Amino acid sequence: MIRLYIFLFIILVPLHAFEDDDIDGVENSKDLCPDTSFEDTVDEEGCPENGGYYGKFMLTIGSDFNRDDSNTVDYNFFTNYNYHSWDFSLYSSQQGTVDKNNNEIQSSGDLYLSTAYGISQKNLYTKFTFGTKLATGSSEVSSGETDYFMNASLSYALENHWVIFSSLSYTDTGDSETENYNDPLGYSFGLGYLFNDKWYSSLRYQSSNSIYEDSDEYSSVSLFNSYNFNDDFFGTLSYTKGLDELSYDHVVSVRLGVTFE
């Protein structure tokens, strides 16, 4: 059975008083170049108008531990390049499964490529993502066809460090020579809390149609935590409970990441 995975990335926009450490007229939370010289003329994102900002690169590796009738471990790789309001991402994984008879199966996942554009307006952040799934994975985990997907997400920062968020996604699933797949529509919503400038936690419900004609919807609830160890390194830990017969009963995900500017 091919599993349907939805990867949603929510950007947090905290609410706080105006702060501008480098005195360039751009608030710290929106300043992509926080250490510009006093004499520099900057653009609306706080970077010198003659250049100087080359974007941010992020690399994340991790594992998903899935448990139902069999035990599955996904080793995944995610990389992202951010330049001003644009994001360019790549994701892939390697899967190992041990079934009820202790048979071990190794399989490679598909390759996901996406481009996103974000819009920040005071406490509201909107993000539009468009991408494709290249069918590079093994037959055990892949439909063998190319998919195209899009996603729109909203997050709104409330007072007292609370954040509400939601998303809507659609996938144009490629049909094989032997089977016509549905084009699933998915949605999610949740509530997040920023404990401090290092630790963020959220609770999310998500649901999606199945790619199979006579299958029930996929649905799950997840608890997510992110922690910044310093300016460069961060980690995430999440638990997901499947609420339908097709999703994994329990999924624990652990990731470590590093950013470069």
Problem - Identity of the residue in region 63-109, loosely packed, with under 15 Cβ neighbours inside 10 Å and of a type in the set (D, E, K, R), that ends up modelled with the lowest pLDDT - result: ASP99
Handout entry: Filter result for the condition that a residue is under 20 Å from the mean Cα position of the chain (by Cα), over 19 Å from ASP244 (Cα atoms) and at pLDDT 95 or above, over TYR205, TYR200, TYR187
Key = TYR200
Fill in the blank from the handout: Restricted to region 134-165 and to residues being touching an Asp or Glu at 6+ places or on another chain (Cβ under 6 Å) and among the small types (Gly, Ala, Ser), the residue modelled with the highest pLDDT is ALA135
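Yes or no, residue by residue, for (1) loosely packed, with under 15 Cβ neighbours inside 10 Å; (2) modelled with pLDDT under 65; (3) of a type outside the set (Asp, Glu):
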| site | (1), (2), (3) |
| --- | --- |
| LEU4 | no, yes, yes |
| ASP22 | no, yes, no |
| THR36 | no, no, yes |
| CYS47 | no, no, yes |
| ILE61 | yes, no, yes |
Handout entry: The one condition in (1) small (Gly, Ala, Ser); (2) free of Cβ contacts under 8 Å to residues at least 60 places away in the same chain; (3) farther than 19 Å from LEU223 by Cα that SER169 fails to fulfil
Key = (2)
Exercise for the section: Please work out if THR129 is closer than 22 Å to PHE234 by Cβ and surrounded by 15 or more Cβ atoms within 10 Å (Cβ to Cβ). Expected result: yes
Exercise for the section: Looking only at region 200-222, decide whether some residue is acidic (Asp, Glu) and touching a strand residue (DSSP E or B) at 6+ places or on another chain (Cβ under 9 Å). Expected result: yes
Completion exercise
The correct count of residues that are over 16 Å from the mean Cα position of the chain (by Cα) and over 21 Å from ARG67 (Cβ atoms) in region 218-257 is 6
Exercise for the section: With the condition kept exactly as written, say whether any residue in region 237-252 is under 30 Å from CYS33 (Cβ atoms) and modelled with pLDDT of 95 or more. Expected result: no
Handout entry: Single unsatisfied condition, LEU168 versus (1) buried (at least 20 other Cβ atoms within 10 Å of the Cβ); (2) aliphatic (A, V, I, L, M); (3) at pLDDT 95 or above; (4) more than 19 Å from THR79 (Cα to Cα)
Key = (1)
Completion exercise
Filter region 198-257 for residues that are over 26 Å from LEU59 (Cβ atoms) and free of Cβ contacts under 8 Å to residues at least 24 places away in the same chain; the one that is surrounded by the most Cβ atoms within 10 Å (Cβ to Cβ) is SER207
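The values are calculated or read from the model by the stated rules, or taken from the named source; none is laboratory data. Note that this is a predicted model, so its numbers are computed, not measured. As a convention, Cβ positions derive from the backbone with ideal geometry for all residues, glycine included, and neighbour counts pool all protein chains shown.
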